[in-house]
Amino acid sequence: MKLIVCENYAEMSRRAADIISAQLVLKPNSVLGLATGSTPEGLYRELISDYKKGIISFEEAKSVNLDEYFGLSPDHPQSYAFFMRAHLFDHVDIKPENTFIPDGTNVDRDGETSRYDTLIEKLGGVDLQLLGIGVDGHIGFNEPSDSISLGTSCVALDESTIKANSRFFASEDEVPKYAYSMGCGTILSAGRILLLASGKNKAEILEKTFYGEVTPRVPASLLRLVPEKVTVICDRDAASKILELHG
Ligand code: GLP
C-alpha cells in the first residue's frame, strides 16, 4: 500500500482532491465510492473549488456512498444523505438521480442490503473508493468482527463508534445503534482505493492497519489483501506512530 504523509490536514485534502479530480478528468463517467465523517470534508471543499474553476465536472459521474444510519431519513441533519448534499452534491453538477446511498428508512434489512448490492453491480462496480477510518479500524461501518462481510449488511455499531459519533448528535442516546454498510468485498473490488486519515487519534489504528495482523478484527487491515490498489494519504499526526516505530 502506498503511504503519503502530508504536513497537515489542508495538504492531505488537496492531495486527495488531485487524485479524485484526475479520475474524473480521465473518466468523466466514473463511479465514485464516497465516504462521510469529518476527515473528507476538506477534500470535498477542494473538489467544489476544482468544479468552480471548471477543472472537473460531475455531470456524467455516479456516486455510491459507503453507509447510512439505520432509522434516519435523508432529511435528518445527521443522516449521511444530508451530509453528502451539504458537503458536496448541492455545490457541484452531479445529477441527484446519479447519487446512491443506502436507504436508512427501509426496515426490510434483507431487502435493502440486496437492493444496494444489485445497484452497485448494475453500475459495474466502483472505480475509485474513498475511505476514512474509525478509531477501531472500521471502514464504511464494517466493524471489527470474526468474519468478513462481503456485501452490504446491517451492522450493529460498536460502543467506541457510537461514542465517537455522538459528537454530531445532541446526546449519545440519539446515535443510531445500527447502520447499513457496503461490505468489505465490494470495497476491495473497487478499481482503486483512497483512504484518508487525520489527527493523533488515528495514529494507533493506522499503525495496526499497516503493520499489524491482516484480520477482520481490524477491518482496514484487509486493504493489505489488495495492496497495489490502495493509497493512504494522512497528515503527520495520523502517521506519528508509524514514523515513531518504523521510521
Ligand atoms: C464514521 C463513518 C466512516 C468514517 C468514520 C471516521 O463512523 N461511517 O465512514 O470513516 O466514521 O470518521 P471521521 O472521519 O469523522 O473520524
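Can you say what percent of the DSSP beta bridges in the chain, counting only those with both residues inside, are antiparallel? Round to 5. In the chain, DSSP labels about 25 percent of beta bridges as antiparallel.
For segment 1-115, calculate the relative contact order in percent as a whole number, restricting contacts to Cα pairs under 8 Å that are 6 or more residues apart.
On the way: 150 pairs, mean separation 28.8, N = 115.
Relative contact order, segment 1-115: 25 percent.
Ligands, DNA and RNA excluded, the heavy atoms of Asp93 present near 40 Å² of accessible surface to a 1.4 Å solvent probe. In summary, the aspartates and glutamates within cross-link reach of Lys52, defined as a Cα separation below 16 angstrom excluding same-chain residues under 8 places away, comprise Asp18, Asp90, Asp93.
Heavy-atom accessible area per residue, segment 122-232, 1.4 Å probe: how many Å²?
Working: 4500 Å² over 111 residues.
Ligands and nucleic acids excluded, the figure is 41 Å² per residue.
Over segment 184-239, what relative contact order in percent results from Cα pairs under 8 Å that are six or more residues apart? Intermediate results must be reported in sequence, preceding the final value.
On the way: 64 pairs, mean separation 28.9, N = 56.
Computed over segment 184-239, the figure is 52 percent.
If you bin all the Cα-Cα distances of segment 1-54 at 10 Å, starting from zero, the percentages per bin are 23, 55, 22, 0.
If you count the DSSP beta bridges with both ends in segment 72-201, what percent of them are antiparallel, to the nearest 5?
Numbers: 5 of 9 bridges.
Of all bridge pairs located within segment 72-201, approximately 55 percent are antiparallel.
The alpha carbon gyration tensor of segment 1-99 gives principal lengths a ≥ b ≥ c with a/c of 1.5 or higher and a/b no greater than b/c, which makes the shape oblate.
Taking the Cα centre as origin and putting +1 on Lys and Arg beta-carbons and -1 on Asp and Glu beta-carbons, what dipole magnitude results for segment 16-156, to the nearest 20 debye?
Values: 10 positive and 22 negative charges, 85 e Å.
So the dipole magnitude of segment 16-156 works out to roughly 400 debye.
Measuring nothing but how far apart in sequence close Cα pairs (under 8 Å, 6+ apart) lie, relative to its length, the chain scores a relative contact order of 25 percent. Sparse packing (at most 13 other Cβ atoms within 10 Å of the Cβ) combined with a DSSP loop state is found for the following trypsin sites (Lys or Arg not before Pro) in segment 25-70: Lys53. Out of Ala156, Ala220, Ala17, any idea which swings most in a Gaussian network model of the chain, alpha carbons joined below 10 Å? Of Ala156, Ala220, Ala17, the most mobile in the Gaussian network model is Ala156.
With 22 Å as the limit, the listed pairs Lys95/Lys202; Lys62/Lys229; Lys2/Lys53; Lys2/Lys200; Lys53/Lys229 have Lys95/Lys202; Lys2/Lys53; Lys53/Lys229 beyond it between alpha carbons. Think of the chain as a dipole: +1 on every Lys or Arg Cβ, -1 on every Asp or Glu Cβ, centred on the Cα centre; then among Gly134, Gly104, Ile56, Ile56 lies furthest on the positive end.
Across the accessible surface of segment 11-109, with the other protein chains kept in place and a 1.4 Å probe, carbon and sulfur atoms take up 52 percent. Rounded to the nearest 20, the size of the Cβ-charge dipole of the chain about its Cα centre is 680 debye, with Lys and Arg at +1 and Asp and Glu at -1. Surface calculation, 1.4 Å probe, protein heavy atoms: Arg236 sits at approximately 110 Å² accessible. For the chain, just say rounded, prolate or oblate: build the C-alpha gyration tensor, square-root its eigenvalues into a ≥ b ≥ c, call rounded for a/c under 1.5, and beyond that prolate if a/b exceeds b/c, oblate if not. Because its axes are fairly even, with a/c under 1.5, the chain counts as rounded. Electrostatic tally near Asn106: other residues with Cβ closer than 13 Å to its Cβ, Lys and Arg +1, Asp and Glu -1, net -3. If you sort Met1, Met84 by accessible surface, 1.4 Å probe, largest first, the order is Met1, Met84.
The values are calculated or read from the model by the stated rules, or taken from the named source; none is laboratory data. Predicted model only: the values in this text are computed from it and were never measured. When we count neighbours, we look across all protein chains shown, and the Cβ atoms used for this are built from the backbone with ideal geometry, even at glycine. Note: areas computed on protein heavy atoms with side chains; ligands, DNA, RNA excluded. Shrake-Rupley method; radii C 1.70, N 1.55, O 1.52, S 1.80 Å.
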